[in-house]
Amino acid sequence: MAQTPEEWLEVQADRALARQRAQADTAKLLATFAAGVAGALVATALQVGAPEGLDWASAWLLLMTFVGVLAVIAVDRVAEADHDKVLSLRVVRGWSQEDLLAELRVAELKAVYSNDEVVRAVRGALALQLLLALATGVVAAASLLT
Amino acid sequence: MSDDGAPVRVVGWGWFRLPGERGRLARAEAAARRAVEAVRQPAEATAGEAGDAGAPAHTDALTGLPNRPQFLSQLARLLDEAPRRLWVFLLDLDGFKAVNESRGQQAGSELLIQVADRLRAVLPASSGLARVAGDAFAFTYAGMEAGAQRLAEQVTAQFDRPFPVAGGELTAGASVGMVPASEESDAASLLRDAESAMHRSKAQGGGGVAVFEPSMRVDSVPEPSALTALAEGRLGVTYQPVLRLSDGRLLGAEAVVRWRHPVHGVMAEGAFLMSTLDAPAVRYVGAWLRRDVLRRLAQWRSDGTVDDDFAMSVTVASVELDDPDFLAGLAGDLERFDVPARAVIFEVPAPEAEALARLSALGVRVLVDAWDAERSAIASLRRLPVAGLTLHRVDDEDYLRELATVAREGAKQLRATGIATHAQRDRLAAFGFQEGQGPLWDRALSPERFAARWGGGVRPG
């Protein structure tokens, strides 16, 4: 049997949700990894000689990098349809089967459209955090080399 | 995540909110509803086309909305599933008949299509919006009363902007009635109750929202009810000239309700119509009649059709006099249409003196229908605080003599109706009747014909 437009839309929404979830998870993983590498460089720099200007700068940058990690985690507000709540609303609002199905689809698409903005925000936060991690690493490396 | 729309939840930490989150969800919900609606409508249209073969049409051809049977069917299904917190709304356009008459039916159709479009835009997809009568739309809402009220206000706000119709702009208003469903409700009675509430809104001047109360119910009105006729523009007002018997000078006119009844034909006797309706219906029709008459009188006075001495007579039923809001409403109407109270005469059955005194105190003249008074009670009419008496029976000489005596002693004016011959006119004048009306001069005429025939107070040759 041919697929109806509603069914096609549902499949696309499912795919989009999975992709968005994966993008957000990847962003958090990258942010954590970058912070870890930067932290290792800073730790190494701090072990060589007494702490001086570049060491302190890298340490502060590392702190900001960790804050960036938290920011990436915080802006990950990827959502999904709350099916249980939709079903409970059915009784309260007197929906027919057809209305219920429509509302479930609305909730699903709402999550997708909302997640689009969330993923953009996560990418933005990740970009900023990666810059901080890069700066931290560069300053730590400079401290090691001088 | 708690917001007012379709529920979604954050997959991870959902216990806090970020700034701007509500706005993001609102935008997402709007986009999602547009997408679902865009997919759903063509699908429904296709299903409708497929089901059309051999099946009765469920869709209004003009607006594409479900029709009344379909709405009732959907409403019945909703009531079966979950009647609690379900609201039924009925919206009726104010003055739609005037649009059809002044701009033509094509403009009326355009207006209906645009109204349907605006309602579609403001109502949720699950509202079941339908066109249930000529200019009446119905829809439902599931939720608390505050939400229902908000929705009604959003709907009426759609009429704040004019409608581009027939190359111009048209300002239209709508009256809305709303009723909550209960466990005992059935679809037809709910729609009827919403209609009653809508009529209350119209009787209060239109353009508003009224929530149904049991006192608004008009179950006893036979179908098709006068209220339905009023809503559908089948009630009209005709005017019969009232003349001075001595010289035939035009003194005023009596407004008579005319009902184009689908079964009984034209019913054109105000008093009879009023007596067949129950109290709430009489109040609605009476309020409409007064406003229509005052609007017409104001127009005729301003364009010179009648002079300042012209007095318009309107029949008022006893139940209207018992209505505590009647006098305030009347005073408001007089002010609204800028008509002096002395230009209005109310013909009332013989009610209690207190109600008449209140009415007279407002400045309007009151004529008591002497025919309704018991023969034995004629003498008491002289003590009533009214301007005069009217009489519909012109051939009983004893009665005429008795009434003339009462009027003379009480300094009341006398008016006779139904005068058909010169002999009747002369005899009534001899008894002391000052004014009269009847087929001898003219029958009740449409406003336009009355203005053409009697404009300027000239008696037609």
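The values are calculated or read from the model by the stated rules, or taken from the named source; none is laboratory data. Source: prediction; values computed, not measured. Reconstructed Cβ throughout: ideal geometry from the backbone, glycine too, with neighbour counts over all protein chains shown.
For segment A:34-90, give me each residue that is of a type in the set (A, V, I, L, M) and within 14 Å of chain B (Cβ to nearest Cβ). Within segment A:34-90, A:Leu70, A:Ala71, A:Val72, A:Ile73, A:Ala74, A:Val75, A:Val78, A:Ala79, A:Ala81, A:Val86, A:Leu87, A:Leu89 meet the criteria. So, of the residues in segment B:301-321 that are farther than 16 Å from B:Val242 by Cα and either buried (at least 22 other Cβ atoms within 10 Å of the Cβ) or not assigned by TED's automatic domain parsing to the domain that holds B:Arg291 (or both), which turns out to be modelled with the highest pLDDT? Looking at the filtered set, the residue picked out is B:Val316.
The residue that is surrounded by the most Cβ atoms within 10 Å (Cβ to Cβ), counting only those in segment A:50-91 that are within 18 Å of A:Ser143 (Cα to Cα) and either free of Cβ contacts under 8 Å to residues at least 60 places away in the same chain or aromatic (Phe, Trp, Tyr) (or both), is A:Ala59.
Could you please let me know if A:Gln97 is within 22 Å of B:Ala32 (Cα to Cα), loosely packed, with under 13 Cβ neighbours inside 10 Å and not small (Gly, Ala, Ser)? The answer is yes for A:Gln97. Checked against (1) free of Cβ contacts under 8 Å to residues at least 60 places away in the same chain; (2) small (Gly, Ala, Ser); (3) closer than 24 Å to B:Ala281 by Cα, B:Gly206 meets all criteria but (1). Could you list all residues from segment A:103-121 that are surrounded by 22 or more Cβ atoms within 10 Å (Cβ to Cβ) and over 15 Å from B:Val10 (Cα atoms)? Within segment A:103-121, A:Glu103, A:Arg105, A:Val106 meet the criteria. Among the residues of this structure, A:Trp8 does not count as one that is more than 27 Å from A:Val118 (Cα to Cα) and out of contact with any His (no Cβ under 7 Å at 6 or more places or on another chain). When B:Ala116, B:Ala146, B:Ala142 are screened for being touching a helix residue (DSSP H, G or I) at 6+ places or on another chain (Cβ under 7 Å) and among the small types (Gly, Ala, Ser), only B:Ala142 passes. Among the residues of segment B:117-164, those identified as among the hydrophobic types (A, V, I, L, M, F, W, C) and within 14 Å of chain A (Cβ to nearest Cβ) are B:Leu123, B:Ala125, B:Leu129, B:Phe139, B:Ala142, B:Met144, B:Ala148, B:Leu151. Of the residues making up segment B:71-100, those that are polar (S, T, N, Q) and within 13 Å of chain A (Cβ to nearest Cβ) are B:Ser73, B:Gln74.
For segment B:420-461, a residue qualifies if it is of a type in the set (Val, Ile, Thr) and under 27 Å from B:Arg301 (Cα atoms), and exactly one does: B:Val458.
Going by what's in this entry, would A:Thr44 be described as hydroxyl-bearing (Ser, Thr, Tyr) and touching a residue at least 60 places away in the same chain (Cβ under 8 Å)? Criteria met by A:Thr44.
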